[in-house]
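Worksheet: one structure, shown below.
Every read-out reported here was derived from the displayed coordinates using simple, explicitly stated rules and does not represent laboratory data. Quick caveat, the model's predicted, so the values are computed rather than measured. Neighbour counts are summed over all protein chains in view; Cβ atoms, including those assigned to glycine, are modelled from backbone coordinates with ideal geometry.
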Amino acid sequence: MERQLTTSHQINQLICQALAEDLGHGDATTNALIPGNQTGKALIIAKAKGTIAGTQIAKQVFLTIDQKLKINILIHDGTIANAGDVIAIIEGKCASILKAERVALNFLQHLSGVATETKQYVKALKGLTVQILDTRKTIPGLRALEKYAVKAGGGKNHRMSLDDAILIKDNHLVSLRSQRLTTKDIITRARQKAPKNMRIEIEAKTPDEADEAANAGADIIMLDNMSLAEMRRAVQLIKGRSLIEASGGITIDKIRAIAETGVDFISVGALTHSPKALDISLELET
């Protein structure tokens, strides 16, 4: 389900867009008040406990503003930081540090929030083999970075984009059923037209639909918004013929119970669509 998330060119483009958005025609405050030759040191500090992600992105933001800045990363991606821990130290011109500060922190706080949220779900499944997957419910333009942060938090990536796999969902089925196609017909058509070896996944809303999908030869069956009892029944009916993904309305308080039904994957939209940013600040010393 995974592939190369992004390239250095894509990252550079994203950073340049973010800096252009933030700087506008220039940092009026810094340009007016901070001497160009003044140097100092800045500490990036975690203000709350969480899993760090995005340090290299933040570093690249500072270097895009000023290649002469020296950045020392002390806490690397995938590592848990406690409140008060210094994540990185930046040394060089104060004006350069100030111009890069907000964009660097925006990336670092958001991605660390995604990683921290993911880590909580992964931790809740300790001892089980079920994998936590992300979804395509991402902020436009930030998908590659957010999915990277999911991996930093211990999760796995589902589809990066629509060309990664066949995933036949409810609205596809509405169109296909109107053509009077059976589940077997749908899977057969997908198998004939999909690239070789591409996995075919189909959504099921009831245990009977899941059984029918397994009979039709689906590689993965997504159990959509089923109750725990329905999931257990679906797992019994499928009997290992297909991999099983639980999806829809997944929350941290019921994640372990869902995993214990026997599913292979649990996809969680909340990892990327609504994580709380990790509180991180920059403190400048001269």
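At a Förster distance of 30 Å, what's the computed FRET efficiency of ARG177 paired with LYS254, Cβ-Cβ distance as r, to 0.05? Taking R0 as 30 Å, the efficiency between ARG177 and LYS254 is 0.45. Between THR188 and HIS76, how high is the FRET efficiency from 1/(1 + (r/R0)^6) when r is the Cβ-Cβ distance and R₀ = 45 Å? Nearest 0.05. Step by step, r from the Cβ atoms, then E = 0.40.
For the residues THR118, THR129, what sequence is obtained by ranking on other C-beta atoms within 10 Å, fewest first? With the sparsest Cβ surroundings first, the list reads THR129, THR118. For the stretch 269-286, backbone nitrogen atoms closer than 16 Å to the point 7 Å from GLU91 Cα along Cα-to-C-beta are found at 284-286. What the Kirkwood sum gives for the stretch 123-273 is a hydrodynamic radius of 15.9 Å, with every pair of different alpha carbons counted.
What number comes out for the charge environment of GLU245, summing +1 per Lys or Arg and -1 per Asp or Glu over other residues with Cβ under 13 Å away?
Working: positive: LYS156, ARG159, LYS169, ARG199; negative: ASP134, GLU201, GLU203, ASP219, ASP224, ASP264.
Neighbourhood net charge equals -2.
Within the same chain, aspartates and glutamates fewer than 8 places from LYS123 are excluded, and of the rest, those with a Cα less than 18 Å from its Cα are ASP77, ASP134, ASP253, GLU260, ASP264. Using θ = phi - 60° in the Karplus curve 6.51 cos²θ - 1.76 cosθ + 1.60, the 3J(HN,Hα) couplings for the stretch 128-141 round to 9, 9, 5, 9, 8, 10, 8, 9, 8, 7, 10, 6, x, x Hz; x is entered for Gly and Pro.
If you wrap the Cα atoms of the stretch 1-138 in a convex hull and average its projected area over all directions, you get 10.0 nm². Neighbour counting of Cβ atoms within 10 Å sorts the residues GLU146, GLU21, fewest neighbours leading, into GLU21, GLU146. Taking a straight Cα-Cα cut-off under 17 Å and skipping sequence neighbours fewer than 8 places away in the same chain, no lysines fall within cross-link reach of LYS239.
Under a model in which nothing but the beta-carbon of Lys, Arg (+1) and Asp, Glu (-1) is charged, the chain shows a dipole of about 560 debye around its Cα centre. Once both labels are positioned 7 Å from their Cα atoms along Cα-to-Cβ, the gap between ASN225 and SER274 label points is 1.5 nm.
Partner lysines whose Cα lies under 24 Å from the Cα of LYS93, excluding those fewer than 8 positions away in the same chain, are identified as LYS41, LYS59, LYS68, LYS70. Antiparallel beta bridges, as assigned by DSSP with both residues in the chain, represent about 50 percent of the total such bridges. Once the Cβ-Cβ distance of LYS196 and LYS169 is raised to the sixth power relative to R0 = 30 Å, the FRET efficiency obtained is 0.85.
Taking other C-beta atoms within 10 Å as the exposure proxy, CYS94, CYS16 rank CYS16, CYS94 from fewest upward. Using C-alpha pairs under 8 Å with a sequence gap of at least 6, the mean separation divided by the residue count of the stretch 4-161 gives a relative contact order of 27 percent. Once the chain from GLU285 to GLN10 is taken as fully extended at 0.36 nm per residue, the excess over their C-alpha distance is 95.7 nm.
So which trypsin sites (Lys or Arg not before Pro) in the stretch 147-242 are both in a DSSP loop and have at most 16 other Cβ atoms within 10 Å of their Cβ? Hits after loop and neighbour filter: LYS169, ARG180, LYS196, ARG199, LYS205, LYS239, ARG241. Within the listed set GLY36, GLY269, GLY154, the Gaussian network model of the chain (springs between alpha-carbon atoms below 10 Å) gives the highest mean-square fluctuation for GLY36.
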